[in-house]
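Report on the structure given below.
The values are calculated or read from the model by the stated rules, or taken from the named source; none is laboratory data. For clarity, every value in this text was computed on a predicted model and none was experimentally measured. Virtual Cβ from ideal backbone geometry, glycine too; neighbours counted across all protein chains shown.
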Amino acid sequence: MGNDLKRGDKILTDYFERLHTDGKISKELREKLHELWNQNKLKTKTHITNALDSMREQQTDE
Amino acid sequence: MSEPEVKLTSIVLNNFRGAKSSLPLDLSRDGRSCAIYGDNGEGKSTITQAIEWFYKDTIAALKGEMFDDKDIVNVAAQPGEATTVGLFFTKTDLNATKTFEEGRRRTTFDNRRQGFITYHEGDAQNDRIYLDQRTIANFIWDSKGEKRKELAKIVGLEDIVTVKSVISSALNELERSPRLRDLATRLQYNQGQLTSEVFGEAVATLGGLFEQSSKLLKRLSIDDRVESLEDLEKALRKALQTLPADKASEKIALESIKKELSQISDSIDFSVDVDTCLASYETLIRDKEHLAQINLYDLLKQAEKVLEHDHTIKNCPLCEQTIGSGEVLLSSVIERYKKLSELKTQLQGVQTSLQTVISGLQSRTAQVNTAKDKINERKISFNEEALKNFVQIVEAAISKMQEGFEKKSTITLDKSAITEVVKKVKGVFLSVVETIDKQIARLSLSSEEREKLDVYNKLTIGKNLVLESISAAKEIAAFRGQIKEMSIVESDLLQLQKDTLQKVLDIISDDVNKYFHALNKKDGLKEAKLELVGEEGVEFSLMFYGSKAVPPRKFLSESQINSLGIAFFLAAVKHFNKANRFFVLDDVLLSFDRNYRVRLLDLLYAEFFDYQIILLTHEEYWFDMIKKKFPDWIFKEVKWKYEDGITFKDSKLDGLDEIRAKQARGDSVGNDLRSYLEGLLKDICLSLEVRVPFRLGIDNERRMAGELFPALKSALKEHRSNVKDVSAYKDLEMSAFVANIISHHNPDMQSDGDTAETIDKIAKFRDIFRCAKGRFISRAKEVPGKKQIACKCGCIVIEWA
């Protein structure tokens, strides 16, 4: 029978694309989230936590 | 969206689970449905497990610490023999055989084409293709959060739930970061110090630092204008030159120890942290009996595996009490197992906070030990025993907490001793500070020197505190910015998850209700559906005779709950399978009576006629019902022996062939023939709606050929059917066999020749009413414009006025 429901990964790809282009959050974070999603690295906490740490470090060092 | 179209044409197992050597299951080139009958333990589930392993690379029933990858290998397999599962499809380019390489503990597929990879790793991966009792029980008893996850998995939305959960977890980590807490504490402390000890006001900017420093420098007669950190450094170097060198460095060193001691003193009291943590621990262990059951967690986990494989258990293996059935025990085990899972999670939470408190205590003892060494280096006499005592008491408290948690016993700490020792350490530090003050005084600084040193100290300390504050404030701002932005992402994903799940629920709920109703023809049970509960949960709901039943298991019987699980699975198959048009129902009937079974077959017939269904059962009675309902299916019987593994035998569609074979072996078949004829007459009478006298309950089922044959004859006469004139009908009617049955004589009195003739007569009689596809002529299938009725496919007709 089927239905018009998109798969979760497609829905998320659309979401991170949208997030990437709108100005809801900082450029650094939206680019990082977009990159991590495309690299399939948002399924565990490690990568995003490391990315946040390093972004904070960069902001503090500026 | 394209329809799922892949069906299985055959399954070939080699040394997989119960299958030894090569075990093919041929499902024909057009992918026909198949029913497999076998007693429990004969290896039916090997088929389901093979399909599960092929797609998921795992077998849920074999997960756990007692299981290993190599458990998929047949126990009697010889070393070096390959373990494989081959699935062959109506789309032949997807045909693939998966091999388990035991030595390397890895699996490989022989089909490396992109089409297969896309199929296997894409849509097929998420298709819902098998249902067994364990999965039903798991889903029914899952918490609402777990149901959401399970549902998301079924419909391919798992990624949203996973990513949302990762974002929430990362956000939670940011909000609870010890680093953020330390920064806030440090900022507050620094600003306090700047106000009370340095500049007389809080300073948090470089401009403020430069302004306050310029003022202080004037007291040293240095009129330099401070507009940058370089200016400040330069001015400090000038200020240092105005001081007596030895005395100044000594004073600076002593001031530094003073500062360190007062910082330790401010944070040494740990009673609040410990009290808060122990309060939640005590609440958790209050019900010791309940908590003690956590030891059963692993046992129940294993019991689940054992029962999953053996439904024939009638007594509990531990207490030997009668338990009714293995299925009932399995449900109960799964329920208890899930409750213990929740308890285990709570316990892990308490353990984490206990560990945090213990780390804090360990850091305090390290600080006190370092301070002790520094005081000794300065050769200041102090009550060293008090510090040692503090360390001992804290270490004893740590041991008690660790030991208590290990035994899940009450943790009692001597609070008065702790208060006392903390007080003593503070007293010791106070006395050391007084000594340091005296030493500073003994440096015999003139009032001018003291003033200069004081100003210099304020400048250096002020500079450090302000710079540290600016850095802390910057980092705090970075944390808060991330928290704000991650909250936006979390909230977006939560909304996305909700919207998508709601869409899924809207799509699926109509069919869940439709299928549940088809299985439970009760007017009081309505509106079975899945709905969002709270922020992130999903739960079944149902109107139970006017009251909303959430979760429905509060009100429903076991078979009703079971049918809810089946309804959900079938609805998910219909709506969300993207690649495969086949599914396996592995012994899914729990406490189902005859009516439920008939309804399930009717439901499959009505809604899934174009799907390939592989139906496994250990109930012969139901197997026979399936044969009658779906005569064009493939029927197999399964047996298992250690030396041969699993073997399939074709199961004959019609019992008459088996009777013929039995008679050919010289066995007596009179009773078999009578039973067969009775069954046949029942099917004919049911299909033609032949009237018989009313009887209650089971007596209705016990009608014999002697009663049914005359009733059929009477109906044929009433409807002026031509059948009564057909020779095949008359031959049987006039036969000695039927005459004997009607007069209740023993049919075994016949000779072999008579028996063979009777079998032929019954077969011809049967073929008047049943077509080659096994479908009976039905009163409901009237031939338009004619006084005739036909079988469902219309290939045979009889006159029927």
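Among the residues of segment B:507-529, those that are surrounded by 15 or more Cβ atoms within 10 Å (Cβ to Cβ) and in a helix (DSSP H, G or I) comprise B:I507, B:I508, B:S509, B:D511, B:V512, B:N513, B:K514, B:Y515, B:F516, B:H517, B:A518, B:L519.
Just checking, does segment B:462-469 include any residue being surrounded by fewer than 21 Cβ atoms within 10 Å (Cβ to Cβ) and facing chain A (nearest Cβ under 8 Å)? No, segment B:462-469 has no match at all.
Checked against the criteria, B:V504 does not count as buried (at least 19 other Cβ atoms within 10 Å of the Cβ), away from every other protein chain (no Cβ under 11 Å) and out of contact with any Asp or Glu (no Cβ under 7 Å at 6 or more places or on another chain). Filter segment B:566-589 down to the residues that are farther than 20 Å from B:T46 by Cα, among the aliphatic types (A, V, I, L, M) and either within 14 Å of another protein chain (Cβ to nearest Cβ) or in contact (Cβ under 8 Å) with a residue 60 or more places away in the chain (or both) and list them by number. Within segment B:566-589, B:I566, B:L570, B:A571, B:A572, B:V573, B:A579 qualify. Being surrounded by fewer than 16 Cβ atoms within 10 Å (Cβ to Cβ), touching a helix residue (DSSP H, G or I) at 6+ places or on another chain (Cβ under 7 Å), basic (K, R) and closer than 20 Å to B:L496 by Cα is a condition met by no residue of segment A:2-22. I need the full set of residues from segment B:470-488 which are hydrophobic (A, V, I, L, M, F, W, C) and within 7 Å of chain A (Cβ to nearest Cβ), in order please. Passing the criteria: B:A478, B:F479, B:I488.
For segment B:684-700, which positions are out of contact with any strand residue (DSSP E or B) (no Cβ under 6 Å at 6 or more places or on another chain), in contact (Cβ under 8 Å) with a residue 24 or more places away in the chain and surrounded by 14 or more Cβ atoms within 10 Å (Cβ to Cβ)? Within segment B:684-700, B:I684, B:C685, B:L688, B:V690 qualify. Within segment B:414-446, the set of residues being among the charged types (D, E, K, R), surrounded by fewer than 16 Cβ atoms within 10 Å (Cβ to Cβ) and not in a loop (DSSP other than H, G, I, E, B) comprises B:K415, B:E420, B:K423, B:E434, B:D437, B:K438, B:R442. Name every residue in segment A:33-58 that is at negative phi and polar (S, T, N, Q), in order of residue number. If the condition is that a residue be at negative phi and polar (S, T, N, Q), then A:N38, A:Q39, A:T44, A:T46, A:T49, A:N50, A:S54, A:Q58 are the ones that fit. Scanning segment A:13-31 for residues that are at the interface with chain B (Cβ under 7 Å from one of its Cβ atoms) and among the β-branched types (V, I, T) returns a single hit, A:I25. Residues that are within 29 Å of B:E158 (Cβ to Cβ) and within 23 Å of the chain's Cα centre (by Cα) number at least 1 in the following helices (runs of 4 or more DSSP H) confined to segment B:536-645: B:558-576. Can you tell me which residue in segment A:32-62 is farthest from the other protein chains (Cβ to nearest Cβ), limited to those that are surrounded by fewer than 13 Cβ atoms within 10 Å (Cβ to Cβ) and within 11 Å of the chain's Cα centre (by Cα)? The qualifying residue farthest from the other protein chains (Cβ to nearest Cβ) is A:Q39. Looking for something more than 14 Å from chain A (Cβ to nearest Cβ) and in contact with a helix residue (DSSP H, G or I) (Cβ under 8 Å, 6 or more places away or on another chain) - is there at least one such residue anywhere in segment B:165-182? No, segment B:165-182 contains no residue that is more than 14 Å from chain A (Cβ to nearest Cβ) and in contact with a helix residue (DSSP H, G or I) (Cβ under 8 Å, 6 or more places away or on another chain). Identify the residue in segment B:750-795 that is part of a loop (DSSP other than H, G, I, E, B) and touching a helix residue (DSSP H, G or I) at 6+ places or on another chain (Cβ under 8 Å) and, among all such residues, is farthest from B:L681 (Cα to Cα). Taking the candidates together, the pick is B:Q750. With the condition kept exactly as written, say whether any residue in segment B:213-221 is outside any helix (DSSP H, G or I) and either within 14 Å of chain A (Cβ to nearest Cβ) or of a type in the set (D, E, K, R) (or both). No: segment B:213-221 contains no residue that is outside any helix (DSSP H, G or I) and either within 14 Å of chain A (Cβ to nearest Cβ) or of a type in the set (D, E, K, R) (or both). Scanning segment B:670-681 for residues that are surrounded by fewer than 17 Cβ atoms within 10 Å (Cβ to Cβ) and either under 25 Å from B:W800 (Cα atoms) or not assigned by TED's automatic domain parsing to the domain that holds B:R660 (or both) returns a single hit, B:G679.
When B:D127 is tested against (1) under 30 Å from B:V588 (Cα atoms); (2) over 24 Å from the mean Cα position of the chain (by Cα), just one condition goes unmet, and that condition is (2). Of the residues making up segment B:755-801, those that are more than 20 Å from B:D725 (Cβ to Cβ) and small (G, A, S) are B:A756, B:A772, B:G774, B:S778, B:A780, B:G785, B:G794.
Here B:A441 clears all of (1) over 21 Å from B:D246 (Cα atoms); (2) at pLDDT below 95 except the condition numbered (1). Can you report the number of residues in segment B:772-795 which are of a type in the set (A, V, I, L, M, F, W, C) and surrounded by 18 or more Cβ atoms within 10 Å (Cβ to Cβ)? The total comes to 5. Scanning segment B:160-211 for residues that are without any contact (Cβ under 8 Å) to a residue 12 or more places away in the chain, among the β-branched types (V, I, T) and surrounded by 14 or more Cβ atoms within 10 Å (Cβ to Cβ) returns B:T162, B:V166.
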